[in-house]
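Taking it in order: structure first as C-alpha cells, then the write-up.
The values are calculated or read from the model by the stated rules, or taken from the named source; none is laboratory data. Predicted model, so just to flag it, every value in this text is computed and none were measured. Please note: Cβ atoms are built from the backbone with ideal geometry, for glycine as well, and neighbour counts cover all protein chains shown. Protein only, heavy atoms only, side chains kept; ligands, DNA and RNA dropped before computing areas. Shrake-Rupley method; radii C 1.70, N 1.55, O 1.52, S 1.80 Å.
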Amino acid sequence: MSAALEKFCGSVFWNDSYLARPDADLPVCFQQTVLVWIPLGFFWILAPWQLLPMCKSRAKKSSVTKLYIIKQVLAALLMLTAVAELALAFVDAEQGAVPAVQYTNPSLYIATWIMVLLVQDARRFCLRRDSGVLFCFWILTLLCGILPFQSLVRKALQEPISDLPRFILFFISYGLQLLLFLVSGFSDIAPETKEIWKKNPEVTASFLSSVTFQWYSSIVFKGYRKPLEIEDVWELKDKDKTKALYTAFEKNMRTAMQKARAELEKRKRKKRRQEGDPDHGNSMSKAQSQDILVLEEKQTKKKKKKGDNEDSGPPKDYPKGWLMKTLVKTFQQNLLLAVAFKVVHDALVFVSPQLLKLLIAFVSDEDSFAWQGYLYAILLFLAAVIQSLCLQQHFSLCFQLGINVRASLIAAIYKKSLTMSGATRKESTVGETVNLMSADAQRFMDLANFIHQLWSSPLQIILSIVFLWGELGPSVLAGIATLVLLLPINALLVAKAKTIQERNMKNKDERMKIMTEILNGIKVSLASFAVYVLVDENNILDAQKAFTAISLFNVLRFPMATLPMVISSLVQANVSTARLERYLSGEDLDTSAIHHNPIAGRQCCAFLRGHLRLGAGWQRCHKRPSCLCSVTLDIMPGSLVAVVGAVGSGKSSLVSAMLGEMENIRGHINIQGSLAYVPQQAWIQNATLKDNIIFGSELDEARYQQVLKACALLPDLELLPAGDQTEIGEKGINLSGGQKQRVSLARAVYSNADIYILDDPLSAVDAHVGKYLFEHVLGPKGLLQKKTRILVTHSISFLPQVDNIVVLAAGAVSEHGSYSTLLANKGAFSQFLNLYGNQEEDVSEENTAVVWGGVVSGQCLTLPSLIPLLVAEALAGDEEEADEAVDPCMEERTEDVVTLTLKREASIHRRKLSRSFSKKSTSSQKKAQEEPPKKLKGQQLIEKEAVETGRVKFSMYLRYLRAVGLCFTFWIVMGYVGQYAAYVGTNLWLSDWTDDSVRYQNQTYPTERRDLRIGVFGALGVSQALFLLFATMLSARGTVRASRVMHQQLLSNILRAPMSFFDTTPIGRIVNRFAKDIFTVDETIPMSFRSWISCFMAIISTLIVICLATPFFTVVIIPLSIFYYFVLVRNWALSEASALLRAVPWWLLGFVLVTSLCCSFQRFYVSTSRQLRRLDSVTRSPIYSHFGETVSGLSVIRAYGHQERFLKQNEITMDINQKSVYSWIVSNRWLAIRLEFVGSLVVFFSALLAVIAKGTLEGGIVGLSVSSALNVTQTLNWLVRTSSELETNIVAVERVHEYVTVKNEAPWVTKKRPPHGWPSRGEIQFIDYKVRYRPELDLVLQGITCNIGSTEKVGVVGRTGAGKSSLTNCLFRVLEAAGGKIIIDNVDIATIGLHDLRKSLTIIPQDPVLFTGTLRMNLDPFDQYSDEEVWKALELAHLKTFVQGLPERLLHLVSEAGENLSVGQRQLVCLARALLRKAKILILDEATAAVDLETDHLIQTTIRSAFADCTVLTIAHRLHTIMDSNRVMVLHAGQIVEFDSPEQLLMKQGIFSAMAKDAGITAAESTAL
C-alpha cells in the first residue's frame, strides 16, 4: 500500500524520522493523499443526500440573496483554482513526467466544487438554506490544510520557493475556503421567509448558529433590557406544536392500545379458564356481558365489610404496557439522534484521561519535544469543545423530548376527558385528572431529560473499568467489588422508593436521596489504590497511574451519580405509566345506540324506542338501580313536549339518554337533525357574554339581536359595564342565576338547531320572566315555534300550551298525552294538578303584562305597578336611587359579592352606557380592528395573572431558608464545607504520595510509609462520606420541614381568604399554586439547593488545588474573573458586592471573584431565564382552568358537537405554555455552551502552562492541576446551571408567597368567645346596619334597622339588586359592616371570631354543595351524630326511601360535586345536613328552586315542623313558600320598604302586593300553604 502511494505521489509516503525531531513535519505524499482525501471522502459520502430537495416536485425555489451570490462566486473561484492547477499539471507534463497525484487531486477538487455549487443551489428549496454537511466539510478541509499550510510557510522562510504557481494557487484556494467557512456561519434568509424568521429564527438559522444556539442571543439581550412578555417569546416550529405531536402520538397509540386490549382479553380468558368457567360470555351480546359484569361487581362489593374502602378490593384490570411503546415509536427520531450525540460525547470523555496521561509523561520526560506538549494541550482543548457541543445538542434533544412527551400526554388526557364514558369519568375526579396533567406528565418530562443515562451510564462505567484495568491491573477489581457490594443496597432503596411512590406519588423518598448521595461520595479509588500498593512491593504509585486513574474515577462519578437518579425517576414514571394507562384506556362514550336514520315523511324529529338503564357505561354511579325502563317515545317534528315528574323520577336521565350520556341495555334512539341543549344548571365560560352566546358560530348580527331581545338580555347589557363585551367570570360568577340561565338559553336559540332539549331552564328565573321567555322563545308563538322542543319542567302553568306531556315515575313513562287527555284520564297527574294547580293559575292579561323598553335614567322598567314610584324618584332628582330601583330582568335570586360590586360600579356609568353601546360592541370586526376598544371599568373581571419582573428578591431565599430553619441551614453548609475540605486534602495527599515514586526511585518503599499513605488517604475518603451523610440528612429533614411549612402557610391563608378573592381568581390559577408551585417547593428546590452547594464547594476546592499546584494559574484567574464579573454578575447590588470585597483580604481578590461571582447568575441569561420560568408558571394556569371548565360543561360541549373546537383551544393554550418552556430550555443550552467553552479554555491554559513550565514542575502537580481543570469544566457548567435553576425555581416560593399574603377575613377565633350553646333563642337585631363592598363604593345596605324575634319565620323578598344577598352575607360576615351592628342573642357578631359565628348558623344555598365521599360523610362530616339521627334527618328530608334503595345505603359513594345525584336530590341532602345540625338560626337561599311542587310542599311542611323552635329567614322565587311566614321583609335599594305579615302587606297594595299578583297569588289564597 505504502509503495503504491509513493509511486502515486512520486515521493516518500511515511517515515518516522520526520516526527523524531524538534521541527517535526509530515511527508509531502501523506499531505497530498490522506489529508486531502479525508475531507473529500466525508463530503462525497454525504453530499448526494443534500440534493434531494431538488427532486421534490412540489418544492418551491426561494429567491436569490446576496449571501447566496457570495457563496456561489467563491465556490466558482475555487473551481477555477482547481482548473488552473490541472492545467499546470498538463503544462508540466510536456516538460517531463508528472506524478499522478498532480492530475488526480485537481480533478477531484473540480468535481467537488461543482457539487458544492449544486448543493448550495439545492438548499434554496429549503427553509434553512445553510448546509450542515458543507459547514463540517469546510472545517475538515481547513484543519487538514493547516499542516500543508505551515509546511509551505516554513519552507518559504528557509529557502527560495521552488514551485511558485502551485504555492500561490494553494494559498488562494485556502483563503477562499476560509472565506466560505466564515460566510457559512451567517444565516441566509430569503425575502419570502422573513416573516417566518421573525416568528422563529431557529428555522432559518445557519448550522453554526444552531449548534452554538447563537440564533437565541437576541431574545437573551431583549430579556436583559426589559422583562420578557409572552408576546416576545418566539413561536414553536410546526413539528413541535401540540397538534402535530398529538396527531403522531394518537396514531401510534391506537395501534399499541389495540394490541394491549387483545392481550387484556387473553388475560381475562385465561383467568376465566383458571376459575373453571371456559368460554364465559362468548354467546352473549356486548350489552349482556356488560350487564353481568355490573352484577358481578355488585356481588363482590356486597361481600366487603361495611365501611371498607373500594380500593381494598381487587384492582380492575386494564390494557397495559402500551404507553412506553407508543412514546418510543412517536419520538424515535429524536431518540436516535440523541443517542448519536451521546455516543460521540462518551467516546471523547475517555480521550481526555489518555491525553492527560501523555501530558504527564511529556512533563516527566526531559527528552520529549516541545511540539508534543503543545499538541496535547490543543487536543485537550478540541476534545473538550467537541465534547461540549455534542453534550449540549444531546441535552437539547432530551429536554425537547421531555416537553413534547408532556404536551402529547396532556393533549391525550384532555381529549380523553371529552370522549370518556360516564363510568370512566366517575373513576377520576377533576382534581385527580389535573394531577395526571401536572404531576404524572411532569414525571415523564423529568425522565426524558436523562433517559439515555440508562444505557450511557453502564457504558461509561464499563469503559472506565476497562481503562482502569489498563492502569492498575487486577487491583481495580477491589473498586469493582466495592461497587457490587453497594448495588444490593441501591436496589433495596429503589424497591422501597417504588412502594412509597405508589402510596404517595407527590413525595419522593428522602432517605433514598440521602443514601444515593452517600454512595456517590464514597471513594472507590481508595480500594483500588490500596490493593495496588499492597499486592506487590514493586507497585509504586506514580503520577501517570494515579492521575490518569483519578481522571477516570472522575468520569465514573457522573454516571454513578446519575444512574440511581434515573432509576428512581424511572420507578416514579412507572407508577405514572400505570395511572395514565388506566385513564387513557378507559371506556369511551358508546354512541352506538344513537341512530340518525332518515324517517319517511319527516325532516326532523327525535324518535326514542329503548330500554335504558344506568349501568357501567353512561351511568352516574354504577351502584344505582335502573333509572329508565321501557321508555318508548315518538316526538314529532316541530312539537313542544313537556316532561314532568317528581324528584328522582328520571327526568334528567331521559335528557342524558337523548344526549347519548347513558348506557344502552336494549333498543335505540333515533335522532334526526342537530341538537341544542340547555342544562338545569347553566354552564357559562370564562369569556365575554357575546362569546358565550355565539359559542363558536359565525356572527349573524340580526339574529344575534333578535335572540338577545327574545331572551330578555337587552336590559342586562345596559346594566353590565361593557355590554356584551363584559368578561364573565368562571362559572358565571358575575351573573345572577337567572342571567346565567338566560345566557344558556340564548346560546341554544342562537345555534339554530333542529331539536332543543331544555332541562328545566325556567326554575332559576322569576315567574313573570319565565312567562316572558315561554311566550317569546319556547311557546307556540316563540322564536322556536317551528323547532322540536323537549322541555323538562316543574312549572304547571305552561302545561296547557304544550303539544304533549310525558309523565315519568320511577324511571318509566306512567302517562303520555296532551294536557286535556291527561286531565280526562283522571290519573296521578290529574290528581296532582287538582292539588297544586291553583298555585300557578294564570291571572288576567293585564295583571301579568310585562313591559320592556320604558327607561328612566338608563334603567329598564318592567312592571306597571312600579312606574309611579320610579317616576317620583326620578323627578326628585335621585337618579342613582332610580338606577338601583329595579333590575331589568326582575329575578328573585341571591347574588354574590362581585355581582353587586359590579352593579354599584356600573351605576356611575349607566347613563353613558345606553343601548347604543350594545350596538357599538357588536359592530363589524373590521372596525374593531381599526379602533381597538378601550376597556371600561368593570369590563374585565378576571384580572391578568400578576407576573413579577426583575431579579427575585433576596428575601425569597431568606423566606425559604427560614422555612428550612436557620440552624439547619448553617449546619448543612458546614457539612458540605467539611466534605470538600476532606476532598482537597485527599487530592493534595495523593499528589504528594505520587512523588514518592521519584523520592524512593531504585529503593525499597518503606512499609510503614505505605501504610501511612493508605491510612490517611482512606481516613480522608471516609470523612468525606461522613460529612456528606451529616449534610444530606440535615438537608432532607430541613427541606421536608420547609415544604410542610410553606404548604401549611399557603393552605391556611387560602382557607381564610375572603369570598371576593375566589370570585375574581380562576380556580385553575389557585390549583396551579398547589400543583406545580408546591411540587417545585417539594421536590425541585431541595435538589437545586443541594446541587448548588455541592457544585459551589467543588469549584472552590478545584480552584484551590489548581492554584496550589501551578501558581502561574493565578495569572489566568484574573482575566477569567473579569469575564465572569461582566458576563455573570451585575445582578448583585453594588453595595452587596463592595461590602463583600471589603470583607476579604486583597490578595484573595482573584479567587473570590471566580468563586463568589461564579455562583452569581449570568448577567444576560438570568433575567431571561427567570422571566421565562415565571411565564411558564403563568401560562400553565390556563391549561388547568380550561380543562376544569371543559369537564364542568362536558354534556353541553358534546350536545353541540363542539369537541373539536375545544380541542383546538386546548392546543392553543398548550402551545403558549410550550413555547415559554422551550425557550427556557434553549436559554439553558445557550448559557451552557458558552460556559463550557470558558471551561475548555481553563483546561487549555492549565495544560499550556504545564508545557511552558516544563522542568520546574513535578509530574504529580501537573497531573493534579490538569485533572482538576478537566473536572472544573463540567462542574462550572453545573454550578451556573444549578444557580440559574435555583433562581428560576425560587420563583415558586415567590408565587406561593403572593397567595400567602392575600388579605384575610377577620380572625376565626378571638379572645371573646360566645357563651356555650349560643345562640339559644335566635333573636336577631339589625341596628342602623350599613355595608359597602369596598371603601370607595356606595352603600349597598343603607341603615337597616329591624328586630327578628325568637323562632320567628321571616320571608325576604325584593327585586335583583335590592340587597337580599347582602343581608345574608352580613349575617355570616362575608361582608363587614360600614356602620351599625348586628346583635344575635345579645352578642355583637363583630366582636366574635368567624368560626364561632358561622358554625352557629345554618344556610341551605341555592347551588347545593356536596363532596366526594360517602353519603354519610356529606351529611355528618365530623361524625357527631348517630346513624339513627342521620336516618331521621333523611326521613324528614324525604330521602329515606331513596337511600334505602341504594346497595350501600349511607355508605353510597357520592361522586365529585354530587354528579351522581339529581340537582333536586342534592338540594335535599343539603336540607338533611341542616336538619342534623339544627342550628337556632336557619337561612334558606332559594333552597327549593330545583325541586317539583310536591317536594317543595313537603319540604316546607318539614321546615315548619322540624324548625318550629328556630328562627328561619327564607329568600325565595316562589312567593308561595313564604306566604305562611310570620312576617315578610321587602327590600328595595338597600332599605326595608315593607316589613309586616303577608296578609297586611297584600292589603297595602304596595310592592309585595304587586309581586304577589305576578305570581298569581290573591288574598283569598295567600295562606293555602
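The phi-based Karplus calculation (6.51 cos²θ - 1.76 cosθ + 1.60; θ = phi - 60°) puts the 3J(HN,Hα) values of the range 1529-1538 at 9, 9, 9, 8, 6, x, 10, 7, 9, 9 Hz, whole numbers, x for Gly and Pro.
For the range 1017-1089, the per residue solvent-accessible surface stands at 37 Å², with DNA, RNA and ligands left out and a 1.4 Å probe. The peptide list 178-189, 386-397, put in order of mean Cβ contacts within 10 Å with the highest first, becomes 386-397, 178-189. When each of the peptides 1219-1231, 448-460, 1383-1395 is scored by the mean number of other C-beta atoms lying within 10 Å of its residues, the order from highest to lowest reads 1219-1231, 448-460, 1383-1395. The residues of the range 382-473 expose, per residue, 25 Å² of accessible area to a 1.4 Å probe.
Over the range 739-815, all Cα pairs binned in 10 Å intervals from 0 give whole-percent P(r) values of 17, 54, 25, 3, listed from short to long.
Charge dipole of the range 170-253 (Cα centre as origin; +1 on each Lys and Arg Cβ, -1 on each Asp and Glu Cβ, all else neutral): 100 debye, rounded to the nearest 20. If the chain linking Cys55 and Leu147 were pulled fully straight, counting 0.36 nm for each residue of separation and taking away their Cα-Cα distance, it would gain 29.2 nm. Sorting the segments 1284-1292, 11-19 by their residues' average number of neighbouring beta-carbon atoms within 10 angstrom, most packed first, yields 1284-1292, 11-19. Beyond a 28 Å Cα-Cα separation, which of these cross-linked pairs lie in this structure: Lys60/Lys198; Lys1330/Lys1399; Lys416/Lys1303? In this structure, Lys416/Lys1303 lie more than 28 Å apart at Cα.
For the residue pairs Lys709/Lys740; Lys222/Lys342; Lys268/Lys325, the alpha carbons lie more than 27 Å apart in Lys222/Lys342.
How much of the accessible area of the range 337-380, in percent, comes from carbon and sulfur atoms when a 1.4 Å probe is used? Of all accessible area on the range 337-380, carbon and sulfur atoms account for 70 percent. Shape verdict for the range 98-161, please, from the Cα gyration tensor: rounded (a/c under 1.5), prolate (a/b greater than b/c) or oblate. Verdict is oblate for the range 98-161. The alpha carbon radius of gyration of the range 710-757, expressed as a multiple of 2.2 N^0.38 Å, is 1.20. Only protein heavy atoms count here; under a 1.4 Å probe, Tyr414 has an accessible surface of about 0 Å². Considering the dipole of the range 341-429 built from charges on the beta carbon (Lys and Arg +1, Asp and Glu -1) around the Cα centre, which of Ile360, His394, Leu382 is farthest to its positive end? Farthest towards the positive end: His394.
Less than 5 angstrom separates the built amide H of Ser187 from those of Ser206, all sequence-distant by 5 or more or on a different chain. Surface exposure of the range 1406-1542, expressed per residue as accessible area with a 1.4 Å probe, stands at 35 Å².
Summary of the geometry: the range 954-994 and the range 664-696, compared by the centres of their Cα atoms, lie 62 Å apart.
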